[in-house]
Amino acid sequence: MGSLGSERADHAVSDDVQGLLAAGRNATLTYGPDGQRRGEGMRVFALSFAPQPRMLVFGAIDFAAAVAKQGTFLGYRVTVCDARAVFATAARFPQADEVVVEWPHRYLQAQIAAGQVDERTVICVLTHDPKFDVPLLELALRHNVAYVGAMGSRRTHRDRLERLREAGLSEAELARLSSPIGLDLGSRTPEETAVSIAAEIIALHWGGGGGRLSTMEARIHHEPTVEADHEDAGYELKPG
């Protein structure tokens with residue numbers, strides 16, 4: 001990118017564009033002559049060409065097949081991973097882009113090391129077994145990803161939190177965990193549960209509250225904000 005005529009403007013645009021690239025979003029950015037982020041002045045259009053975001057589904061159960069289908073529908077590249085070869089088969093998960101037989105935490109560690117996990121990655125832990133989900137969550141919650149959700153009852157969640165605390169995770173790291181996974185839609189079937197999980201991922205991504213629009217007066221469409229050094233930032237964001 002060439003100079004915009006001001007070193008401060010160059011730095012401001014560079015910082016904002018890096019954030020957009022990480023999120024895989026496009027935006028029209030507006031700056032003053034010296035890089036001030038404001039609603040009028042110099043306009044810069046940033047267009048991201050980001051790879052498909054990933055959804056990692058751990059636990060080859062019936063719910064995973066439904067979640068994989070929802071993930072594909074939302075545009076994610078979906079991977080289903082389970083240590084049990086008899087369950088982790090392509091025939092059981094036709095909607096997944098890949099099915100991997102490996103211990104979940106080992107697979108995630110390898111993907112992180114290979115640079116295949118980023119800020120847009122969503123992780124759904126459906127293993128419902130401490131020997132799988134605790135080491136996996138210990139790793140996932142310490143990495144910068146978009147979403148980490150884990151299936152289980154509230155009792156299972158409390159027990160899981162204690163195990164993760166014993167593993168050394170901070171309260172801030174534990175607060176990133178969405179568990180029990182999904183929104184309260186009254187879901188019963190795997191397909192309904194998958195919709196509730198997808199709804200939670202969407203709500204957290206765009207800043208929605210998950211309530212009924214018919215009972216609200218707020219704007220229907222939420223617009224995420226780009227993190228900036230100034231509070232007076234004004235950007236028009238577009239989906240990536």
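The values are calculated or read from the model by the stated rules, or taken from the named source; none is laboratory data. Since we're looking at a predicted model, the values are computed, not measured. Ideal geometry is used to build each Cβ from the backbone, glycine not excepted, and the neighbour counts take in all protein chains shown.
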Take region 186-200 and flag every residue that is surrounded by fewer than 18 Cβ atoms within 10 Å (Cβ to Cβ), among the charged types (D, E, K, R) and in contact (Cβ under 8 Å) with a residue 24 or more places away in the chain. E191
Hey, any hits in region 177-185 for a residue that's at pLDDT 90 or above, surrounded by 14 or more Cβ atoms within 10 Å (Cβ to Cβ), more than 20 Å from the chain's Cα centre (by Cα) and of a type in the set (S, T, Y)? no
What are the residues in region 179-196 that are out of contact with any helix residue (DSSP H, G or I) (no Cβ under 6 Å at 6 or more places or on another chain) and either among the aliphatic types (A, V, I, L, M) or in a strand (DSSP E or B) (or both), if any? V195
Determine whether region 81-98 contains at least one residue that is within 26 Å of E166 (Cα to Cα) and among the aliphatic types (A, V, I, L, M). yes
Here are some conditions: (1) surrounded by 14 or more Cβ atoms within 10 Å (Cβ to Cβ); (2) at pLDDT 90 or above; (3) closer than 29 Å to W103 by Cα. R154 meets all but one. Which one does it not meet? (1)
Of the residues in region 76-85, those that are under 17 Å from K131 (Cβ atoms) and either free of Cβ contacts under 8 Å to residues at least 12 places away in the same chain or surrounded by fewer than 18 Cβ atoms within 10 Å (Cβ to Cβ) (or both) come to R84, A85
Just the residues that are surrounded by fewer than 20 Cβ atoms within 10 Å (Cβ to Cβ), in a loop (DSSP other than H, G, I, E, B) and of a type in the set (A, V, I, L, M), please, taken from region 112-133. A114
In the set L169, L136, the lone residue that is surrounded by 18 or more Cβ atoms within 10 Å (Cβ to Cβ), out of contact with any helix residue (DSSP H, G or I) (no Cβ under 6 Å at 6 or more places or on another chain) and not in a strand (DSSP E or B) is L169
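Does R92 satisfy being among the charged types (D, E, K, R) and at pLDDT 95 or above?
yes
Would you confirm whether or not region 156-164 contains a residue that is hydroxyl-bearing (S, T, Y), part of a helix (DSSP H, G or I) and without any contact (Cβ under 8 Å) to a residue 60 or more places away in the chain? It would help to see each step written out before you state the result.
Quick first cut of region 156-164, residues hydroxyl-bearing (S, T, Y) only: 156.
Restricting the remaining residues to those that are part of a helix (DSSP H, G or I) gives 156.
Cutting the leftovers down to without any contact (Cβ under 8 Å) to a residue 60 or more places away in the chain gives us 156.
There is at least one residue in region 156-164 that is hydroxyl-bearing (S, T, Y), part of a helix (DSSP H, G or I) and without any contact (Cβ under 8 Å) to a residue 60 or more places away in the chain.
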